[in-house]
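Enquirer: This is the structure, below, for whatever I ask next.
The values are calculated or read from the model by the stated rules, or taken from the named source; none is laboratory data. From a predicted model like this one, the values you see are computed outputs, not experimental measurements. Using ideal geometry, Cβ is built from the backbone for each residue, glycine included, and neighbour counts are taken over all protein chains shown. For accessibility, only protein heavy atoms count, side chains too; no ligands or nucleic acids. Shrake-Rupley method; radii C 1.70, N 1.55, O 1.52, S 1.80 Å.
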Amino acid sequence: MRTIPTIIICFSILGNIFAQNSDGSLKISHLNGDFYIFTSYNYYKGNRISANGMYLLTSNGVIMFDSPWDTTQFQPLLDSIKVRHNKSVIMCIATHFHEDRTGGLEYYKQQGIKTYTTKQTDELSKKRSMKRAEFLIDKDTVFKIEQYSFQTFFPGQGHAPDNIVIWFEKERILYAGCLIKSVEDSNLGNLADANIKEYATTIKNVQEKCKRPKYIITGHDDWTSTKSLKHTLKMAKKLK
Ligand SMILES: [Zn+2]
């Protein structure tokens, strides 16, 4: 007699997750192998804008890169990952201090997830009352987690004073965050905290470090083109 309530509970959990996905508030796309892109939405200057993050499945658990922008999607993302892959998120790294990257850090810390930013990001988060991580990265760092290895890289100031990118050298995946704009974007977006003088040099530093990326994940909009680096450099050169 125990099985009936269990089945009903399972259905209601699945029903919730599918509803949250199908209403368009959270989208998960397969990138390649164990890599997935999640997209949530929020409003900027009255326009509904997408924000992309990434997660990676390892045999130890799931590594998340940035948090959803939409605060209602922090838990649904964890639930969706659990249902799809039967794995829990163990770590989350945010790539600069803006809320589309750091928004979920405190929530995830409360869920027992190890949260990370650079020291530089933490100083800005503190100053600007953004959510802060539990663990701080001092300098560019190589993380080795089970079969995967990736590097955090600060290429200089651009979109924000603290923007880092994440480079998977073996897979040639460049998780670029908001520093790199989508080929869909006709401008560099929010420049409120940008370094207009350095932006182009910073992009060149990314090109120098991250050679021939197969994938470049931009912070917003379409991420399927690898022309986004060149496209961003072109726009950054016009800033000066
Ligand atoms: Zn952004």
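Enquirer: For the chain, what is the largest minus smallest coordinate of the Cα atoms on each principal axis, given in angstrom and ordered from greatest to least?
Expert: Each principal axis gives a Cα extent; for the chain these are 71, 40, 36 Å.
Enquirer: Counting only Cα atoms, I'd like the Rg/Rh figure for segment 159-240, Kirkwood definition for Rh.
Expert: 0.92
Enquirer: Which value, in Å², gives the accessible area per residue of segment 27-237 when a 1.4 Å probe is used on the protein heavy atoms?
Expert: So segment 27-237 comes to 45 Å² accessible per residue, rounded to a whole number.
Enquirer: Quick one: helix 228-237 against the long Cα principal axis of the chain, what's the angle to the nearest 10°, folded into 0 to 90?
Expert: Roughly 40 degrees, rounded to the nearest 10.
Enquirer: How far is helix 74-85 tilted, in degrees, relative to the longest principal axis of the Cα atoms in the chain, given as a value from 0 to 90 rounded to the nearest 10?
Expert: 70
Enquirer: Spin-label point model (7 Å from Cα, Cβ direction): what's the E169 to S88 distance in nm?
Expert: Using points 7 Å along Cα→Cβ, the separation is 3.3 nm.
Enquirer: Let me ask another. Set the bar at 23 Å for Cα to Cα. Now go through K27/K170; K126/K237; K139/K214; K27/K82 and name every pair that lies beyond it.
Expert: In this structure, K27/K170; K126/K237; K139/K214 lie more than 23 Å apart at Cα.
Enquirer: Hey, can you rank 85-97, 27-39, 154-166 by average C-beta count inside 10 Å, highest first?
Expert: In decreasing order of mean packing, 85-97, 27-39, 154-166 become 154-166, 85-97, 27-39.
Enquirer: Give the percent of DSSP beta bridges with both residues in segment 27-237 that are antiparallel, rounded to the nearest 5.
Expert: Within segment 27-237, antiparallel bridges account for around 65 percent of the total.
Enquirer: Arranged from highest to lowest average of other beta-carbon atoms within 10 Å per residue, in what order do the peptides 209-219, 176-186 appear?
Expert: 176-186, 209-219
Enquirer: Still on this model: Around K240, with a cut-off of 14 angstrom between Cβ atoms, what is the net charge of the other residues, counting Lys and Arg +1 and Asp and Glu -1?
Expert: Once positives and negatives cancel, what remains is +4.
Enquirer: Still on this structure: Whenever you get a sec, compute what percent of the accessible area on the chain sits on carbon and sulfur atoms (1.4 Å probe).
Expert: About 50 percent, which is the carbon plus sulfur part of the accessible surface.
Enquirer: Where does the chain land at 222 nm, in deg cm²/dmol rounded to the nearest 500, when only DSSP H runs of n ≥ 4 count, each adding -39500 (n - 2.57), divided by all residues?
Expert: Dividing the helical sum by the residues of the chain leaves -9000 deg cm²/dmol.
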